[in-house]
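Chemist: Provided herewith is a single structure, encoded as structure tokens, for subsequent inquiry.
The values are calculated or read from the model by the stated rules, or taken from the named source; none is laboratory data. These numbers were taken from a predicted model, which means no experiment stands behind them. Virtual Cβ from ideal backbone geometry, glycine too; neighbours counted across all protein chains shown. Accessible surface is based on the protein model in full, side chains and every heavy atom, while ligands, DNA and RNA are left aside. Shrake-Rupley method; radii C 1.70, N 1.55, O 1.52, S 1.80 Å.
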Amino acid sequence: MRFQIALLAGKLLYAVGRRMGKATNLPGEIALKICPDMMGRFRFSGKVLAVTGSNGKTTTANMIAHILKENGYTVANNAKGSNLTGGVATTLLTSSRMNGKIEQDFVVLEVDERYSRLIFRDFSPDFLLCTNLFRDQLTRNGNVDVILEKLHEAIKPSVKLILNANDPISANLAPENPRVYYGMGRTDLSTDRCVNITHDAKVCPKCFGRMEYEYFHYNHIGAFHCPSCGYRMPEMKYQAAQTDFVTGDFTVNGFPVHTEYKTPFNILNTTAAVAACAELGLDFSRCCEAVSRFVVMKQRYDEFKVGDRTAVMILSKNQNPVSFDQSISYVLELPGEKTVVAYVNNINHTGHRDTTWLYDIGFERLCGKVDSVVCTGPRAWDLAVRLRLAGFPDSAVRVERELAALKPVVDDTRGTICILTELYDAKSILEVIGK
């Protein structure tokens, strides 16, 4: 009875909250208060696949759902990235009948890596895809080893893992579980040394010997091996190759794939999505065809005009240096003059005190490569200090904390406008700059 009451309350709250734009977490949170073991009581007609990792899980989960739907399957998924306990519970309860039966062919759940052990306390996915593991929101998550241990608590022995062969940290998840690997070979953008400040796998996660790399895609993602214990990049069952970052064309196991978001990390995420759907039993060629029709959400990447200038919105995960590093890499690949507009906000759970994550971002790579950087948001001056330490001259750094006064400052710059921010501030910046 308690389970049915929780379902009814959650469904009613969802129906009301959807009209107010507050229907992602609250219905599940309330339902779990009524029935704490609710998620263990659902019954699934199809397979459950979870997607976790530090970066790329929202886009990857949505790509998987897209491929499945394009191939005629019904899918339940938390498409907007509500990946904590309440958001996952909301997805499940709104997808189920009142008897707790979820009849969709597949359930695709994006899951926060830190909350995974709580989410999967009472049920388990059939498959778990981990995109990567990096230092991420250190004041909340702690060291990457902490997240690794929480994932080990969450992963039951029966779960089949789909792992990134280029990541020495997540490739070593739950070593006794069945697994397959995806990855990407050397590309034109790969480097012989790490060009980023953030490098979380300088030592082997197995024996703590010094790790060696044949090449890097970005940060610690690449082809690795440990001379001390022999741990090395696993064999890839699904491999991206023949990558053309100009056209967005590449192959996975020889089958052609196309993407409009032409970056190494997106190509890896796309390969992960194809791998996951192939492991779910779909025809491989149809997976590649379907993912080529996927469009990255405009909330995460968008190109548009501001007057006669081109503008690019590239979203980074908040307090995540690797995500910001990848946005910088994309800026550096753009032709011609460019101006970066960077919004840095407060970190509420630290009492607005912490800005240390800015010092893990390689802003030095932008020095001399962009016309100017416009710093905005509550921590604009903190960013300006970081840029000064990165070697930027005062003439190349402009500061305007208030969004309302940002447009004339941006209008006084040159070249392509590259807006770097995180998801929840993107809309307000667009409203000011003028789309």
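Chemist: If a residue has to be open to solvent by 50 Å² or more (accessible area, probe 1.4 Å), part of a helix (DSSP H, G or I) and among the aromatic types (Phe, Trp, Tyr) to count, how many in region 1-51 make the cut? Write out each step before concluding.
Modeler: First, pick out the residues of region 1-51 that are open to solvent by 50 Å² or more (accessible area, probe 1.4 Å): 1-2, 4-5, 8, 11-14, 16, 18-22, 24-26, 29-30, 33-34, 36-37, 41, 43-45, 47.
Imposing the further condition that a residue be part of a helix (DSSP H, G or I) reduces the set to 2, 4-5, 8, 11-14, 16, 18-20, 26, 29-30, 33-34.
With among the aromatic types (Phe, Trp, Tyr) added as a condition, the list becomes 14.
Counting residues in region 1-51 that are open to solvent by 50 Å² or more (accessible area, probe 1.4 Å), part of a helix (DSSP H, G or I) and among the aromatic types (Phe, Trp, Tyr) gives 1.
Residue-by-condition table, conditions (1) closer than 28 Å to LEU133 by Cα; (2) among the aliphatic types (A, V, I, L, M):
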position: MET39; (1), (2): yes, yes
position: SER45; (1), (2): no, no
position: GLU70; (1), (2): no, no
position: TYR73; (1), (2): no, no
position: LEU84; (1), (2): yes, yes
position: THR94; (1), (2): no, no
position: GLU103; (1), (2): no, no
position: LEU109; (1), (2): yes, yes
position: ARG117; (1), (2): yes, no
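Chemist: Working only within region 63-78, note down all residues that are touching a residue at least 60 places away in the same chain (Cβ under 8 Å) and open to solvent by 20 Å² or more (accessible area, probe 1.4 Å). Full working, then the answer.
Modeler: Just the residues of region 63-78 that are touching a residue at least 60 places away in the same chain (Cβ under 8 Å), to begin with: 63-64, 66-68, 70-71.
HIS66, GLU70, ASN71, listed by residue number.
Chemist: Which ones in region 105-122 are at pLDDT below 95, open to solvent by 60 Å² or more (accessible area, probe 1.4 Å) and not hydrophobic (A, V, I, L, M, F, W, C)?
Modeler: The answer is ARG114, TYR115, ARG117, ARG121, ASP122.
Chemist: Please go through region 242-266 and pick out each residue that is among the acidic types (Asp, Glu) and over 24 Å from GLY53 (Cα atoms).
Modeler: First, pick out the residues of region 242-266 that are among the acidic types (Asp, Glu): 244, 249, 260.
Residues satisfying the conditions are ASP244, ASP249.
Chemist: Of all residues in region 8-43, which are at pLDDT below 90, of a type in the set (A, V, I, L, M) and within 15 Å of LYS101 (Cα to Cα)?
Modeler: LEU8 - this is the single residue of region 8-43 that is at pLDDT below 90, of a type in the set (A, V, I, L, M) and within 15 Å of LYS101 (Cα to Cα).
Chemist: Going by what's in this entry, would ILE102 be described as of a type outside the set (Gly, Ala, Ser), within 20 Å of the chain's Cα centre (by Cα) and open to solvent by less than 10 Å² (accessible area, probe 1.4 Å)?
Modeler: no
Chemist: Same structure again: May I ask you to list the residues in region 79-99 that are in contact with a Phe, Trp or Tyr (Cβ under 7 Å, 6 or more places away or on another chain) and either open to solvent by less than 20 Å² (accessible area, probe 1.4 Å) or among the charged types (D, E, K, R) (or both)?
Modeler: Listed by number, the residues that qualify are THR90, LEU92, SER96.
Chemist: Then there's this: Has region 123-131 got at least one residue that is open to solvent by less than 50 Å² (accessible area, probe 1.4 Å), hydrophobic (A, V, I, L, M, F, W, C), more than 17 Å from the chain's Cα centre (by Cα) and modelled with pLDDT of 95 or more?
Modeler: Taking region 123-131 first, the residues open to solvent by less than 50 Å² (accessible area, probe 1.4 Å) are 123-125, 127-131.
Remaining after also requiring hydrophobic (A, V, I, L, M, F, W, C): 123, 127-130.
Add one more test, that the residue is more than 17 Å from the chain's Cα centre (by Cα), and what stays is 123, 127.
Subsequent filtering for residues that are modelled with pLDDT of 95 or more retains 127.
Yes, some residue in region 123-131 is open to solvent by less than 50 Å² (accessible area, probe 1.4 Å), hydrophobic (A, V, I, L, M, F, W, C), more than 17 Å from the chain's Cα centre (by Cα) and modelled with pLDDT of 95 or more.
Chemist: Is it the case that region 186-206 has a residue that's within 25 Å of LEU84 (Cβ to Cβ), open to solvent by less than 10 Å² (accessible area, probe 1.4 Å) and not in a strand (DSSP E or B)? Break it down stepwise before answering.
Modeler: Here is the first cut: in region 186-206, the residues within 25 Å of LEU84 (Cβ to Cβ) are 198, 200.
When the remaining residues are screened for being open to solvent by less than 10 Å² (accessible area, probe 1.4 Å), the result is 198.
Narrowing the set further to residues that are not in a strand (DSSP E or B) leaves 198.
Among the residues of region 186-206, at least one is within 25 Å of LEU84 (Cβ to Cβ), open to solvent by less than 10 Å² (accessible area, probe 1.4 Å) and not in a strand (DSSP E or B), which makes the answer yes.
Chemist: What are the residues in region 207-224 that are part of a strand (DSSP E or B), open to solvent by 10 Å² or more (accessible area, probe 1.4 Å) and touching a residue at least 40 places away in the same chain (Cβ under 8 Å), if any?
Modeler: Keep residues of region 207-224 that are part of a strand (DSSP E or B), which gives 210, 212-218, 221-224.
Narrowing the set further to residues that are open to solvent by 10 Å² or more (accessible area, probe 1.4 Å) leaves 210, 212-218.
Hits for region 207-224 are HIS217, TYR218.
Chemist: Looking at region 139-173, which of its residues are of a type in the set (A, V, I, L, M), in contact with a strand residue (DSSP E or B) (Cβ under 9 Å, 6 or more places away or on another chain) and either open to solvent by 60 Å² or more (accessible area, probe 1.4 Å) or over 24 Å from HIS217 (Cα atoms) (or both)? Spell out how you get there, then give the answer.
Modeler: Let us first name the residues in region 139-173 that are of a type in the set (A, V, I, L, M), namely 144, 146-148, 151, 154-155, 159, 161-163, 165, 169, 171, 173.
Okay, now just the ones that are also in contact with a strand residue (DSSP E or B) (Cβ under 9 Å, 6 or more places away or on another chain), so 151, 154-155, 159, 161-163, 165, 171, 173.
Once the filter is applied, which keeps residues that are of a type in the set (A, V, I, L, M), in contact with a strand residue (DSSP E or B) (Cβ under 9 Å, 6 or more places away or on another chain) and either open to solvent by 60 Å² or more (accessible area, probe 1.4 Å) or over 24 Å from HIS217 (Cα atoms) (or both), region 139-173 yields LEU151, ALA154, ILE155, VAL159.
Chemist: Which of the residues belonging to region 240-256 are buried (at least 18 other Cβ atoms within 10 Å of the Cβ) and at negative phi?
Modeler: Result: ALA240, THR243, PHE250, VAL252.
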